[in-house]
1. Under the rule of -39500 (n - 2.57) per DSSP H run of 4 or more residues, summed and divided by the residues of the chain, what mean residue ellipticity at 222 nm is obtained, to the nearest 500 deg cm²/dmol?
2. When you have a sec, figure out the Kirkwood radius of the chain from all distinct Cα pair distances and drop it here in Å to one decimal?
3. Taking θ as phi - 60°, what are the ³J(HN,Hα) couplings along region 64-74 by the Karplus curve (6.51, -1.76, 1.60), each to the nearest whole Hz, with x for Gly and Pro?
4. I'd like the Karplus ³J(HN,Hα) series for region 17-27: coefficients 6.51, -1.76, 1.60, θ = phi - 60°, whole numbers in Hz, and an x wherever there's a Gly or Pro.
5. Peptides 25-31, 15-21, 72-78: what's the order by average Cβ count within 10 Å, highest mean first?
6. List the lysines whose Cα sits under 27 Å from the Cα of Lys74, skipping any in the same chain fewer than 8 residues away.
7. What number comes out for the charge environment of Ile35, summing +1 per Lys or Arg and -1 per Asp or Glu over other residues with Cβ under 11 Å away?
Amino acid sequence: MILVSYDIQDDRQRNKFSKFLKKFGRKIQYSVYEIKNSQRVLNNILIEIESNYSKKFGGSDSVIILSLCESCQKKIRRYGYSENEEKEVVVFG
């Protein structure tokens with residue numbers, strides 16, 4: 001799993017960056033995305049950030065990417081809404 005957290009001041013850049021991340025995963029907080037991990041996906045994200053975003057970041061902008069191993073993922077504790085996101089739901093109609 002990859003977690004991407006960002007704080008970008010410029011509204012236009014922030015919205016563009018959020019839409020970019022949405023292609024790979026789901027938003028779990030206002031400025032945090034959870035992305036199912038693969039080395040190829042991580043490489044694509046890093047290349048895109050380096051080539052299209054990093055040059056436009058201002059001095060107060062911040063992007064943090066955390067790549068969590070299988071062992072670390074098992075230690076994650078979820079509460080509230082995020083707790084239910086991981087559960088399988090069966091619907092009878």
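Since every read-out is calculated from the coordinates, none of them should be taken as a lab result. Treat the numbers as computed from the prediction; the structure is a model and nothing was measured. Because the Cβ atoms are built from the backbone with ideal geometry, glycine has one as well, and the counts that use them run over all protein chains shown.
1. Computed mean residue ellipticity for the chain: -9000 deg cm²/dmol.
2. Answer for the chain: a Kirkwood hydrodynamic radius of 14.7 Å.
3. Computed from phi, the couplings for region 64-74 are 10, 10, 10, 9, 9, 6, 4, 4, 5, 4, 5 Hz.
4. 5, 4, 5, 4, 5, 4, 5, 9, x, 10, 7
5. 15-21, 25-31, 72-78
6. Lys22, Lys23, Lys27, Lys36, Lys87
7. Its environment carries a net charge of +4.
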